[in-house]
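Following: one structure in C-alpha coordinates, then a few remarks.
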Amino acid sequence: MGGNISEAKWLTVSITLIFAAISISAYIFKRKSNALNSKIHELEASLKSSLDKCASERQGRIRAQQALRKELTQPKSENVKLTYYPMTPIGIIQSCFSTRNGTPRQPLLVPLARACLVFNTTRVPPASLEGLAEYSHIWVLYVFHLNTDLEKLWKQPSNSKFKAKVRVPRLKGGRMGVFATRSPHRPCPIGLTVAKVEAVEGNMILLSGVDLVDGTPVLDVKPYLPYCDSIPEAAVPNWLMEDNLLSVASVSFSEDFTSTLKSCWMMAGKKTLYASPVEFQSLIKQVLSWDIRSLSQRNRPRDALLKKENDELLGNTSDVDEHQDETTFVHEREQNPLNSKEVIYHLILEGLDVSYRIDHDGNVNVEKVSTSAVLDNKLNSCNYLTWKDKLQ
(Lines give C-alpha, C1' and ligand atoms only; values in the text may rest on other atoms or scores of the structure.)
Protein backbone atom coordinates (compact mmCIF):
# COMPACT_ATOMS: atom_id res chain seq x y z
CA MET A 1 0.00 0.00 0.00
CA GLY A 2 2.74 2.49 0.99
CA GLY A 3 4.64 1.74 -2.22
CA ASN A 4 1.60 2.59 -4.37
CA ILE A 5 1.19 5.98 -2.62
CA SER A 6 4.83 6.89 -3.25
CA GLU A 7 4.54 6.01 -6.93
CA ALA A 8 1.39 8.10 -7.24
CA LYS A 9 3.09 11.13 -5.66
CA TRP A 10 6.11 10.73 -7.95
CA LEU A 11 3.87 10.52 -10.98
CA THR A 12 1.97 13.63 -9.88
CA VAL A 13 5.17 15.56 -9.38
CA SER A 14 6.50 14.45 -12.78
CA ILE A 15 3.32 15.48 -14.56
CA THR A 16 3.41 18.84 -12.77
CA LEU A 17 7.02 19.41 -13.81
CA ILE A 18 6.21 18.48 -17.40
CA PHE A 19 3.29 20.93 -17.53
CA ALA A 20 5.50 23.58 -15.93
CA ALA A 21 8.18 22.99 -18.53
CA ILE A 22 5.62 23.16 -21.30
CA SER A 23 4.21 26.38 -19.88
CA ILE A 24 7.66 27.92 -19.61
CA SER A 25 8.52 26.87 -23.17
CA ALA A 26 5.26 28.27 -24.45
CA TYR A 27 5.92 31.52 -22.60
CA ILE A 28 9.45 31.78 -24.00
CA PHE A 29 8.21 30.95 -27.53
CA LYS A 30 5.47 33.54 -27.21
CA ARG A 31 8.00 36.18 -26.11
CA LYS A 32 10.33 35.31 -28.98
CA SER A 33 7.42 35.24 -31.40
CA ASN A 34 6.28 38.66 -30.21
CA ALA A 35 9.82 40.01 -30.51
CA LEU A 36 10.14 38.51 -34.00
CA ASN A 37 6.79 39.95 -35.07
CA SER A 38 7.83 43.32 -33.69
CA LYS A 39 11.10 43.13 -35.64
CA ILE A 40 9.21 42.17 -38.81
CA HIS A 41 6.84 45.10 -38.39
CA GLU A 42 9.82 47.38 -37.78
CA LEU A 43 11.59 46.14 -40.94
CA GLU A 44 8.42 46.45 -42.98
CA ALA A 45 7.97 50.02 -41.77
CA SER A 46 11.61 50.79 -42.59
CA LEU A 47 11.26 49.23 -46.07
CA LYS A 48 8.09 51.20 -46.75
CA SER A 49 9.84 54.38 -45.66
CA SER A 50 12.80 53.62 -47.95
CA LEU A 51 10.51 52.88 -50.88
CA ASP A 52 8.58 56.06 -50.32
CA LYS A 53 11.86 57.99 -50.13
CA CYS A 54 13.16 56.37 -53.34
CA ALA A 55 9.90 57.13 -55.12
CA SER A 56 10.07 60.72 -53.94
CA GLU A 57 13.70 61.04 -55.07
CA ARG A 58 12.85 59.47 -58.43
CA GLN A 59 10.03 61.94 -58.93
CA GLY A 60 12.43 64.70 -57.97
CA ARG A 61 15.00 63.51 -60.53
CA ILE A 62 12.35 63.25 -63.22
CA ARG A 63 11.17 66.79 -62.49
CA ALA A 64 14.80 68.01 -62.49
CA GLN A 65 15.50 66.28 -65.82
CA GLN A 66 12.35 67.71 -67.33
CA ALA A 67 13.32 71.17 -66.11
CA LEU A 68 16.84 70.73 -67.54
CA ARG A 69 15.54 69.64 -70.94
CA LYS A 70 13.15 72.56 -70.97
CA GLU A 71 15.99 74.92 -70.02
CA LEU A 72 18.21 73.50 -72.78
CA THR A 73 15.63 73.53 -75.53
CA GLN A 74 13.81 76.72 -74.59
CA PRO A 75 16.30 79.53 -73.82
CA LYS A 76 14.91 82.21 -71.57
CA SER A 77 16.33 85.01 -73.65
CA GLU A 78 15.68 85.50 -77.35
CA ASN A 79 19.28 86.67 -77.64
CA VAL A 80 20.55 83.20 -76.69
CA LYS A 81 20.32 81.10 -79.85
CA LEU A 82 22.70 78.25 -79.01
CA THR A 83 21.72 75.34 -76.79
CA TYR A 84 24.09 72.82 -75.27
CA TYR A 85 23.87 69.14 -74.44
CA PRO A 86 26.15 66.97 -72.27
CA MET A 87 28.36 65.39 -74.95
CA THR A 88 32.03 64.52 -74.73
CA PRO A 89 34.36 62.34 -76.85
CA ILE A 90 34.34 58.65 -75.99
CA GLY A 91 37.46 57.79 -77.96
CA ILE A 92 40.34 59.06 -80.11
CA ILE A 93 41.41 58.11 -83.64
CA GLN A 94 45.02 57.04 -84.23
CA SER A 95 45.21 57.45 -88.01
CA CYS A 96 47.76 56.98 -90.77
CA PHE A 97 46.96 60.58 -91.81
CA SER A 98 49.20 62.69 -89.63
CA THR A 99 47.76 66.01 -90.87
CA ARG A 100 44.61 67.19 -92.62
CA ASN A 101 46.45 67.46 -95.93
CA GLY A 102 46.08 64.19 -97.81
CA THR A 103 43.16 62.94 -95.76
CA PRO A 104 40.60 61.67 -98.33
CA ARG A 105 37.60 63.86 -99.02
CA GLN A 106 35.27 60.90 -98.58
CA PRO A 107 35.45 57.49 -96.87
CA LEU A 108 36.46 54.25 -98.62
CA LEU A 109 38.28 56.10 -101.44
CA VAL A 110 41.58 54.80 -100.04
CA PRO A 111 41.02 51.16 -98.98
CA LEU A 112 44.45 50.89 -97.32
CA ALA A 113 43.87 53.98 -95.16
CA ARG A 114 43.90 52.55 -91.63
CA ALA A 115 43.09 53.96 -88.23
CA CYS A 116 42.69 52.61 -84.74
CA LEU A 117 39.78 53.87 -82.66
CA VAL A 118 40.83 53.72 -79.00
CA PHE A 119 37.97 54.11 -76.53
CA ASN A 120 38.24 55.81 -73.16
CA THR A 121 37.55 52.91 -70.78
CA THR A 122 36.39 55.24 -68.01
CA ARG A 123 33.42 56.13 -70.21
CA VAL A 124 33.14 53.08 -72.46
CA PRO A 125 33.73 49.64 -70.89
CA PRO A 126 35.18 47.07 -73.33
CA ALA A 127 31.94 45.08 -72.98
CA SER A 128 30.27 47.86 -75.01
CA LEU A 129 32.08 46.53 -78.10
CA GLU A 130 30.78 42.96 -77.81
CA GLY A 131 29.12 41.88 -81.06
CA LEU A 132 30.55 44.76 -83.10
CA ALA A 133 33.07 42.51 -84.88
CA GLU A 134 30.16 40.73 -86.59
CA TYR A 135 29.47 43.86 -88.67
CA SER A 136 31.56 44.66 -91.75
CA HIS A 137 31.19 48.46 -91.46
CA ILE A 138 30.29 51.08 -88.88
CA TRP A 139 29.23 54.72 -88.84
CA VAL A 140 31.56 57.01 -86.91
CA LEU A 141 30.37 60.35 -85.53
CA TYR A 142 33.26 62.66 -84.74
CA VAL A 143 34.38 66.26 -84.23
CA PHE A 144 36.20 68.39 -86.83
CA HIS A 145 38.65 69.40 -84.12
CA LEU A 146 41.23 70.97 -86.45
CA ASN A 147 38.88 73.45 -88.09
CA THR A 148 40.42 76.90 -88.22
CA ASP A 149 37.14 78.67 -87.54
CA LEU A 150 36.01 76.86 -84.39
CA GLU A 151 36.28 80.03 -82.35
CA LYS A 152 33.50 81.56 -84.45
CA LEU A 153 31.03 79.03 -83.09
CA TRP A 154 31.42 80.40 -79.56
CA LYS A 155 30.29 83.83 -80.63
CA GLN A 156 26.75 85.07 -81.01
CA PRO A 157 25.43 84.11 -84.47
CA SER A 158 25.25 87.78 -85.49
CA ASN A 159 28.99 88.12 -84.76
CA SER A 160 30.23 84.72 -85.92
CA LYS A 161 30.53 85.68 -89.62
CA PHE A 162 29.79 82.07 -90.42
CA LYS A 163 29.73 81.46 -94.19
CA ALA A 164 26.59 79.82 -95.53
CA LYS A 165 28.37 78.72 -98.74
CA VAL A 166 31.64 76.88 -99.29
CA ARG A 167 33.78 76.23 -102.33
CA VAL A 168 33.31 72.78 -103.86
CA PRO A 169 36.15 70.96 -105.71
CA ARG A 170 33.83 69.34 -108.25
CA LEU A 171 32.47 72.78 -109.16
CA LYS A 172 36.02 74.03 -109.78
CA GLY A 173 35.72 76.46 -106.91
CA GLY A 174 32.06 77.29 -107.36
CA ARG A 175 30.12 77.84 -104.14
CA MET A 176 27.34 75.72 -102.74
CA GLY A 177 25.24 75.85 -99.58
CA VAL A 178 27.08 74.18 -96.71
CA PHE A 179 24.28 71.68 -96.08
CA ALA A 180 24.49 70.51 -99.72
CA THR A 181 28.12 69.49 -99.09
CA ARG A 182 30.18 67.55 -96.58
CA SER A 183 32.35 70.50 -95.73
CA PRO A 184 33.87 70.34 -92.22
CA HIS A 185 32.98 74.02 -91.72
CA ARG A 186 29.46 73.66 -90.37
CA PRO A 187 27.35 75.38 -87.69
CA CYS A 188 28.05 72.32 -85.53
CA PRO A 189 31.47 70.81 -86.41
CA ILE A 190 30.24 67.20 -86.35
CA GLY A 191 31.41 64.72 -88.97
CA LEU A 192 29.85 61.45 -90.13
CA THR A 193 31.79 58.75 -91.93
CA VAL A 194 31.57 55.05 -92.68
CA ALA A 195 34.54 52.74 -92.19
CA LYS A 196 35.33 49.05 -92.62
CA VAL A 197 35.78 47.05 -89.42
CA GLU A 198 38.97 45.02 -89.72
CA ALA A 199 39.10 43.78 -86.12
CA VAL A 200 37.95 44.46 -82.57
CA GLU A 201 40.21 43.91 -79.59
CA GLY A 202 39.56 45.03 -76.01
CA ASN A 203 38.79 48.75 -76.12
CA MET A 204 40.03 49.23 -79.70
CA ILE A 205 38.66 48.91 -83.23
CA LEU A 206 40.93 48.64 -86.27
CA LEU A 207 39.33 50.45 -89.21
CA SER A 208 40.19 50.79 -92.89
CA GLY A 209 39.04 53.05 -95.70
CA VAL A 210 39.02 55.96 -93.27
CA ASP A 211 38.98 59.68 -94.03
CA LEU A 212 39.92 60.68 -90.47
CA VAL A 213 42.97 62.64 -89.36
CA ASP A 214 45.09 61.50 -86.42
CA GLY A 215 43.75 62.70 -83.08
CA THR A 216 40.11 63.02 -84.19
CA PRO A 217 37.73 62.90 -81.17
CA VAL A 218 34.91 60.36 -81.63
CA LEU A 219 31.43 60.97 -80.22
CA ASP A 220 29.73 57.70 -81.12
CA VAL A 221 29.82 54.61 -83.34
CA LYS A 222 26.84 52.78 -84.81
CA PRO A 223 26.67 49.61 -86.91
CA TYR A 224 26.10 50.03 -90.65
CA LEU A 225 22.83 48.33 -91.64
CA PRO A 226 22.59 47.72 -95.42
CA TYR A 227 18.84 47.06 -95.38
CA CYS A 228 18.08 50.59 -94.19
CA ASP A 229 21.32 52.59 -94.60
CA SER A 230 21.74 51.80 -98.30
CA ILE A 231 19.22 53.45 -100.63
CA PRO A 232 19.78 52.26 -104.25
CA GLU A 233 17.36 54.79 -105.74
CA ALA A 234 18.87 57.79 -103.90
CA ALA A 235 19.52 60.79 -106.17
CA VAL A 236 22.50 63.19 -106.08
CA PRO A 237 23.32 66.36 -108.06
CA ASN A 238 25.15 65.92 -111.36
CA TRP A 239 28.13 67.96 -110.18
CA LEU A 240 28.75 65.40 -107.44
CA MET A 241 29.50 62.73 -110.01
CA GLU A 242 32.44 64.61 -111.51
CA ASP A 243 35.05 62.47 -109.76
CA ASN A 244 37.42 62.66 -112.71
CA LEU A 245 38.16 66.26 -111.74
CA LEU A 246 39.89 64.99 -108.59
CA SER A 247 41.75 61.99 -109.99
CA VAL A 248 45.31 62.05 -111.35
CA ALA A 249 46.67 60.51 -114.53
CA SER A 250 49.37 58.33 -112.96
CA VAL A 251 51.50 57.80 -109.86
CA SER A 252 55.14 56.76 -110.20
CA PHE A 253 58.11 56.51 -107.83
CA SER A 254 61.64 57.79 -108.37
CA GLU A 255 64.80 55.72 -107.97
CA ASP A 256 65.58 57.43 -104.66
CA PHE A 257 62.22 56.58 -103.17
CA THR A 258 62.93 52.93 -102.30
CA SER A 259 66.25 53.65 -100.58
CA THR A 260 64.92 56.58 -98.54
CA LEU A 261 61.83 54.58 -97.50
CA LYS A 262 63.99 51.67 -96.39
CA SER A 263 66.07 54.02 -94.26
CA CYS A 264 63.05 55.69 -92.68
CA TRP A 265 61.31 52.38 -92.02
CA MET A 266 63.97 51.56 -89.42
CA MET A 267 62.45 54.28 -87.23
CA ALA A 268 58.81 54.22 -88.31
CA GLY A 269 58.26 50.45 -88.49
CA LYS A 270 57.51 50.05 -84.77
CA LYS A 271 54.84 52.76 -84.81
CA THR A 272 53.10 52.14 -88.11
CA LEU A 273 49.87 50.26 -88.88
CA TYR A 274 51.48 48.69 -91.97
CA ALA A 275 53.32 45.40 -92.28
CA SER A 276 56.13 46.46 -94.61
CA PRO A 277 57.56 49.28 -96.73
CA VAL A 278 55.87 47.68 -99.75
CA GLU A 279 52.43 47.94 -98.15
CA PHE A 280 53.17 51.52 -97.07
CA GLN A 281 54.14 52.37 -100.67
CA SER A 282 50.77 51.00 -101.81
CA LEU A 283 49.09 53.35 -99.32
CA ILE A 284 50.99 56.31 -100.77
CA LYS A 285 49.91 55.36 -104.29
CA GLN A 286 46.25 55.08 -103.26
CA VAL A 287 46.30 58.46 -101.48
CA LEU A 288 48.03 60.29 -104.33
CA SER A 289 45.75 58.71 -106.93
CA TRP A 290 43.47 61.60 -106.02
CA ASP A 291 44.62 65.20 -106.37
CA ILE A 292 44.92 66.14 -102.69
CA ARG A 293 45.91 69.74 -103.39
CA SER A 294 43.54 72.45 -102.28
CA LEU A 295 41.52 74.53 -104.72
CA SER A 296 43.85 77.43 -104.08
CA GLN A 297 46.86 75.40 -105.16
CA ARG A 298 45.20 74.09 -108.31
CA ASN A 299 43.79 77.46 -109.36
CA ARG A 300 46.29 80.10 -108.24
CA PRO A 301 49.34 81.06 -110.30
CA ARG A 302 52.40 79.11 -109.19
CA ASP A 303 54.35 82.20 -108.19
CA ALA A 304 51.60 83.05 -105.71
CA LEU A 305 51.80 79.54 -104.33
CA LEU A 306 55.51 79.78 -103.79
CA LYS A 307 55.11 82.82 -101.56
CA LYS A 308 53.96 80.31 -98.96
CA GLU A 309 57.47 78.89 -98.84
CA ASN A 310 58.04 80.04 -95.26
CA ASP A 311 54.58 79.10 -93.99
CA GLU A 312 54.18 76.45 -91.35
CA LEU A 313 53.58 72.86 -92.39
CA LEU A 314 50.01 73.07 -91.16
CA GLY A 315 49.07 76.31 -92.91
CA ASN A 316 45.49 76.98 -93.97
CA THR A 317 43.89 78.12 -97.20
CA SER A 318 41.58 81.09 -97.27
CA ASP A 319 39.25 79.37 -99.73
CA VAL A 320 37.96 76.26 -98.06
CA ASP A 321 36.99 73.32 -100.24
CA GLU A 322 34.53 70.52 -99.53
CA HIS A 323 36.72 68.50 -97.17
CA GLN A 324 40.25 69.82 -96.85
CA ASP A 325 41.13 73.23 -95.50
CA GLU A 326 44.88 72.96 -95.46
CA THR A 327 47.48 73.79 -98.06
CA THR A 328 50.04 71.24 -99.11
CA PHE A 329 53.45 72.33 -97.92
CA VAL A 330 55.54 73.78 -100.75
CA HIS A 331 59.21 74.53 -100.26
CA GLU A 332 61.11 74.61 -103.54
CA ARG A 333 61.17 76.57 -106.80
CA GLU A 334 63.57 76.01 -109.65
CA GLN A 335 63.51 77.75 -113.04
CA ASN A 336 59.90 78.34 -114.02
CA PRO A 337 57.45 79.29 -111.23
CA LEU A 338 54.48 78.54 -113.51
CA ASN A 339 55.54 74.96 -114.10
CA SER A 340 54.04 72.67 -111.46
CA LYS A 341 56.80 70.13 -112.14
CA GLU A 342 59.13 72.54 -110.36
CA VAL A 343 57.01 72.62 -107.20
CA ILE A 344 57.59 70.03 -104.50
CA TYR A 345 54.58 69.09 -102.41
CA HIS A 346 54.66 67.25 -99.10
CA LEU A 347 52.32 64.66 -97.64
CA ILE A 348 52.69 63.42 -94.05
CA LEU A 349 51.66 59.77 -93.63
CA GLU A 350 52.35 57.74 -90.49
CA GLY A 351 54.68 60.53 -89.37
CA LEU A 352 56.80 60.26 -92.55
CA ASP A 353 57.25 63.17 -94.97
CA VAL A 354 56.49 62.08 -98.56
CA SER A 355 57.80 64.50 -101.23
CA TYR A 356 56.19 64.53 -104.67
CA ARG A 357 55.67 66.59 -107.81
CA ILE A 358 52.67 66.79 -110.15
CA ASP A 359 52.79 68.08 -113.72
CA HIS A 360 50.13 69.85 -115.83
CA ASP A 361 48.89 66.53 -117.19
CA GLY A 362 48.20 65.17 -113.72
CA ASN A 363 51.15 62.79 -113.52
CA VAL A 364 52.46 62.39 -109.98
CA ASN A 365 56.08 61.46 -109.27
CA VAL A 366 56.96 60.53 -105.69
CA GLU A 367 60.57 61.52 -105.09
CA LYS A 368 61.54 60.45 -101.59
CA VAL A 369 60.52 59.90 -97.99
CA SER A 370 62.04 61.44 -94.87
CA THR A 371 61.29 61.51 -91.18
CA SER A 372 59.38 64.43 -89.68
CA ALA A 373 58.80 65.95 -86.26
CA VAL A 374 55.38 64.29 -86.27
CA LEU A 375 57.03 60.86 -86.07
CA ASP A 376 58.62 61.63 -82.71
CA ASN A 377 55.23 62.45 -81.18
CA LYS A 378 53.34 59.59 -82.83
CA LEU A 379 51.68 57.17 -80.40
CA ASN A 380 52.55 53.50 -80.80
CA SER A 381 49.88 52.00 -78.55
CA CYS A 382 48.17 50.79 -81.71
CA ASN A 383 50.48 49.44 -84.42
CA TYR A 384 50.73 46.57 -86.87
CA LEU A 385 52.04 44.17 -84.23
CA THR A 386 48.89 44.80 -82.18
CA TRP A 387 46.72 43.54 -85.06
CA LYS A 388 49.09 41.16 -86.82
CA ASP A 389 47.10 38.02 -86.03
CA LYS A 390 43.82 39.69 -87.00
CA LEU A 391 45.05 40.93 -90.38
CA GLN A 392 46.52 37.61 -91.58
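Between residue 241 and residue 108, how many nm apart are label points set 7 Å from Cα along the C-beta direction?
1.8 nm
Across segment 213-255, how large is the tail of the calculated P(r) beyond 16 Å, expressed as a percent of all Cα pairs? Please report the intermediate quantities before stating the final value.
Details: 653 of 903 pairs.
Beyond 16 Å sits 72 percent of the P(r) for segment 213-255.
Please list 16, 216 from largest to smallest accessible area, probe radius 1.4 Å, with all protein chains kept in place.
Largest to smallest exposure gives the sequence 16, 216.
Quick one: 3J(HN,Hα) in Hz for segment 216-232, Karplus 6.51/-1.76/1.60 with θ = phi - 60°, rounded, Gly and Pro as x.
Computed from phi, the couplings for segment 216-232 are 5, x, 9, 9, 6, 10, 9, x, 7, 10, x, 5, 10, 8, 9, 10, x Hz.
What is the extension gain from residue 371 to residue 179, computed as 0.36 nm multiplied by their sequence separation minus the C-alpha to C-alpha distance, in nm to one decimal?
On the way: separation 192, 0.36 × 192 = 69.12 nm, distance 3.87 nm.
Value of the extension gain: 65.3 nm.
At 1.4 Å probe size, with no ligands or nucleic acids counted, give the accessible surface of residue 31 in Å², nearest ten.
Only protein atoms counted, so the area is about 150 Å².
So, R0 is 30 Å and r is the distance between the beta-carbons of residue 128 and residue 279; what FRET efficiency does that work out to, to 0.05?
Values: r = 31 Å, r/R0 = 1.03.
The calculated FRET efficiency here is 0.45.
On full extension of the chain, what length is gained from residue 219 through residue 159, given 0.36 nm per residue of separation minus the C-alpha to C-alpha distance? Display every interim value, and only then the final one.
Numbers: separation 60, 0.36 × 60 = 21.60 nm, distance 2.76 nm.
Residue separation times 0.36 nm, minus the Cα-Cα distance, leaves 18.8 nm.
Hey, if we sort 298, 123, 114, 175 by accessible area with the 1.4 Å probe, largest down, what's the order?
Numbers: 298 50, 123 135, 114 25, 175 105 Å².
Largest accessible area first, the residues go 123, 175, 298, 114.
Can you pull the one-decimal nm distance between simple spin-label points at residue 270 and residue 361, each 7 Å off the Cα toward Cβ?
4.5 nm
Considering only protein heavy atoms and a 1.4 Å probe, what is the carbon-and-sulfur percentage of the accessible area of segment 135-197? Kindly include the intermediate steps, with their values, before the conclusion.
Values: 2110 of 3490 Å².
Carbon and sulfur together cover 61 percent of it.
Amide H to amide H under 5 Å from residue 224: which residues, 5+ apart in sequence or cross-chain, H placed 1.01 Å off N in plane?
Distant-sequence amide H within range of residue 224: 137, 138, 139.
The values are calculated or read from the model by the stated rules, or taken from the named source; none is laboratory data. None of the values given here were measured: they were computed from a predicted structure. No Cβ is skipped: glycine too gets one built from the backbone with ideal geometry, and neighbour counts run over all protein chains shown. With ligands, DNA and RNA removed, areas are computed over all heavy atoms of the protein, side chains included. Shrake-Rupley method; radii C 1.70, N 1.55, O 1.52, S 1.80 Å.
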